[in-house]
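Before any comments, here is the structure.
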Amino acid sequence: MVGPSNHKTPNETEAILATQDNNTSADHALNHSKLFSKLNVEDLENLQSTFNSQSLNPSTFSRYTCDQAQFNDFEELRKQIEQCTNSQPQCNDTTTPLSDDLLQEEMNKLKTKFEEQCKKYTEDIQKLTSQHESHLDSLHKEYENLEKEKDTISSQLDDAQSRIHKHKQKISNLKSTISTQSEALSQLQTQQSATQQQLEETSCTLESKLQDIDIMNGELSVAKSYIAELEAKLRAEEASRRKLHNTIQELKGNIRVFCRMRPLLGPEQMEDPLQINFIKEDEIELIQSQESANGSKTVTKSYPFTFDKIFEPKATQSEVFEEISQLVQSALDGYPVCIFAYGQTGSGKTFTMEGPDFPDSDTIGIIPRAVLQIYSTVESLKLKGWEYVMEGQFLEIYNDTINDLLGNGDFNKKHDIRHLPNGKTIVSDLTTVTIDSPEKMKALMKRAGQNRAVASTQCNDRSSRSHSVFMLKLSGKNTYSGEVSEGMLNLIDLAGSERLSQSGSTGDRLRETQAINKSLSCLGDVIYSIANNEAHVPYRNSKLTYLLQNSLGGNSKTLMFVNISSCNAHFQETLCSLRFATKVNSCHIGVAKRITK
Ligand SMILES: Nc1ncnc2c1ncn2[C@@H]1O[C@H](COP(=O)(O)OP(=O)(O)OP(=O)(O)O)[C@@H](O)[C@H]1O
């Protein structure tokens, strides 16, 4: 219990505490102890409550203050207050009692001081708290930044680790590749050394081969010059062959005559055959048996004939062509060549020149065979530098008028015959066809056949009532020597030479026969004039003779086929034909000239 005499006023308490301020810190504890001993319990409890109202406790203080000395003072003061509060009765027993007012005053002072100090401490603490909070905020931000940084670094780390892992994987793969490559490299090196060795060996072989090639090149150039020499020789020989061939043709006579007798056909085989003896290949004898004037005996008369060649009825088309193939060659060599067939109607002229109505490869006549031969010869001549162009024209002389057999069938067109100074004969406005294939030749023959005037007579159901002339122009050029040649092959199928009395023709047919006979008679006149070396040769008397002027007059190599029948009934016609042919054969018409540039 605290008596009223022990109770101190705040002023007293403050005074007690004020004394403290004048003392050194070493005396603080003792002074406080003395002071507190003067305070009663109520004073101390007031003091304690002041502390508590300031919300000041040591733990809070220690959290915020950095001043250890202040804290220690404060703590000491608090402990003393606490101690005095707890031990008030004893203090009251040992200390000198103070008056109540003084104590109260002391207490008030002390309280005020504490309150001020507490306020100051509180302000400090607030300041410190604010500093601390700001510091804490910045730390917090820093922490957050660091956290972020840590996250970034962590993600970078993860990324780096993943990359490291990948790199490691890559490195491992590379290592494995390097190991494989190293192995391959070593194998390649082994191979390379083997190849190197092979290369060296090949190089040696190559060198020896090159030496061989050099030797072979030398041999080749020798062979080439030998070939060139041979080719030159060949060309020279070809030229000489042409010359010799021409000489032979000349020696054989300019107008040569071949006689061909056709076999008995169909019903003719029941008739009397012509009596003929084939004495030699160029000699025949025609026999005529006649009753004597009184009819008591049979008189035989012999008519011998000699020609360049005589073909018996069994002679094939190929055998006949073989004999004239040299003339076809002459045309290729640049000579004008003329082959014509003469004979009575039905004696085999068309068969000889063209072939039968439906020919095959065995029965085709001279015209298609000549074209085929020219084709094959042109091919072989290419090796000798010759290149040829073949152009064909086909005309007929009907009633002394020229018709174009390759034209459109319009026979009203007028065609003139002209002889050039170089020996060439030209017919105006004729269709010219380039014959560059055997098919073209066939088409050409077909067209001519369609256009050709054919009329039936009593003598022959396929009798041509016109002279047909196939003209083949052969233009050649030698690419080596530059030599140019222009040959001409005229293949003429004359109309039948039967006598008017036998033909039984009347009207138009009679006029046709008269025209045919006139032209053939003109042909005879020309032949006779040439054979008798007459100054004037009547070529212009007919279209036929005018067309054949160069062929008969010396520029051409000319061959006549005289076709005869096997029927005895045609004896007189046959005799006439053979006599005419003999006259032709005797014609010496000069030397054929080759057309070259
Ligand atoms: N050597 C032969 N072998 C077989 N048949 C032939 C022979 N010669 C002619 N003939 C045939 O005799 C017939 C008459 O021949 P071709 O038509 O050739 O006579 P041609 O003299 O031309 O008559 P034309 O003067 O009337 O034109 C034809 O049927 C023909 O096929």
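The values are calculated or read from the model by the stated rules, or taken from the named source; none is laboratory data. A quick note: this is a predicted structure, and the numbers were derived from the prediction, not measured. A quick note on method: Cβ atoms are made from the backbone with ideal geometry, for glycine too, and the neighbour counts reach across all protein chains shown. When the accessible area is computed, the model is the full protein with side chains, heavy atoms only, and any ligands, DNA or RNA have been set aside. Shrake-Rupley method; radii C 1.70, N 1.55, O 1.52, S 1.80 Å.
One quarter of the convex hull surface built on the alpha carbon atoms of region 255-586 amounts to 18.6 nm², the projected area averaged over directions.
Grab the Cα-Cα distance for residue 389 and residue 372, subtract it from 0.36 nm times how many residues apart they are, and report the gain in nm with one decimal. Don't jump to the answer; show the numbers that get you there.
Working: separation 17, 0.36 × 17 = 6.12 nm, distance 1.38 nm.
Going from the current span to full extension adds 4.7 nm.
Under 5 Å between amide hydrogens, built in the peptide plane, is the criterion, and for residue 260 it picks out 311, 562, 563, 564 among residues at least 5 positions away or on other chains.
Å³ per residue of the Cα convex hull, for region 127-252?
Details: hull volume 42.1 nm³, N = 126.
Cα-based convex hull of region 127-252, divided per residue, equals 334 Å³.
3J(HN,Hα) couplings calculated from phi for region 171-179 with the Karplus curve 6.51 cos²θ - 1.76 cosθ + 1.60 (θ = phi - 60°) are, in sequence order, 4, 5, 4, 4, 4, 5, 4, 4, 5 Hz; Gly and Pro show x. At a probe radius of 1.4 angstrom, the accessible area of region 127-252 per residue rounds to 86 square angstrom.
Counting only Cβ charges, +1 for Lys and Arg and -1 for Asp and Glu, the dipole size of region 255-586 around its Cα centre is about 620 debye. Roughly how many percent of the accessible protein surface of region 382-444 is carbon and sulfur, given a 1.4 Å probe and a whole-percent answer? The computed percentage sits at 49.
Under a point-charge model restricted to the Cβ atoms of Lys and Arg (+1) and Asp and Glu (-1), what is the dipole moment magnitude of region 199-331 relative to its Cα centre, in debye to the nearest 20?
Working: 16 positive and 24 negative charges, 190 e Å.
Here the size comes out at about 920 debye.
Here region 331-396 is described by how far its Cα atoms reach on the three principal axes: 44, 26, 16 Å, from widest to narrowest.
When peptides 220-233, 391-404, 507-520 are ranked by their average number of other Cβ atoms within 10 Å per residue, the highest-first order is 391-404, 507-520, 220-233. Multiplying the residue separation of residue 237 and residue 287 by 0.36 nm and subtracting their alpha-carbon distance yields 13.3 nm. Over all Cα pairs of region 139-213, how is the pair count split among 10 Å bins, expressed in % and running from 0 up to the last occupied bin? Going from the shortest bin to the longest, the percentages are 17, 16, 15, 13, 11, 10, 8, 6, 3, 1. Phi-derived couplings, Karplus 6.51 cos²θ - 1.76 cosθ + 1.60 at θ = phi - 60°, listed residue by residue for region 559-569: 10, 10, 8, 9, 9, 10, 8, 9, 7, 5, 4 Hz, with x used for Gly and Pro.
Electrostatic bookkeeping for residue 264 treats Lys and Arg as +1 and Asp and Glu as -1; over the other residues with beta carbon under 15 Å from its beta carbon, the sum is -1.
So, by mean Cβ neighbours within 10 angstrom, what's the order for 275-284, 163-172 with the highest one leading?
Numbers: 275-284: 14.1, 163-172: 11.0.
In decreasing order of mean packing, 275-284, 163-172 become 275-284, 163-172.
Which length gain, in nm to one decimal place, applies between residue 244 and residue 83 when the Cα-Cα distance is subtracted from 0.36 nm times their residue separation?
Between residue 244 and residue 83, full extension yields an extra 40.7 nm.
Each peptide in 367-373, 308-314, 575-581 gets a packing score, the mean of other Cβ atoms within 10 Å over its residues, and the list from highest to lowest is 367-373, 575-581, 308-314. Using the structure shown, select from 314/424; 473/543; 413/442; 224/440 the pairs with a Cα to Cα distance greater than 30 angstrom. Pairs exceeding the cut-off: 314/424; 224/440.
With K and R counted +1 and D and E -1, the other residues having a Cβ less than 12 Å from that of residue 152 yield a net charge of -3. Distant-in-sequence amide contacts of residue 344, defined by a placed amide H-H separation under 5 Å and a gap of 5 or more residues or a different chain, comprise 497.
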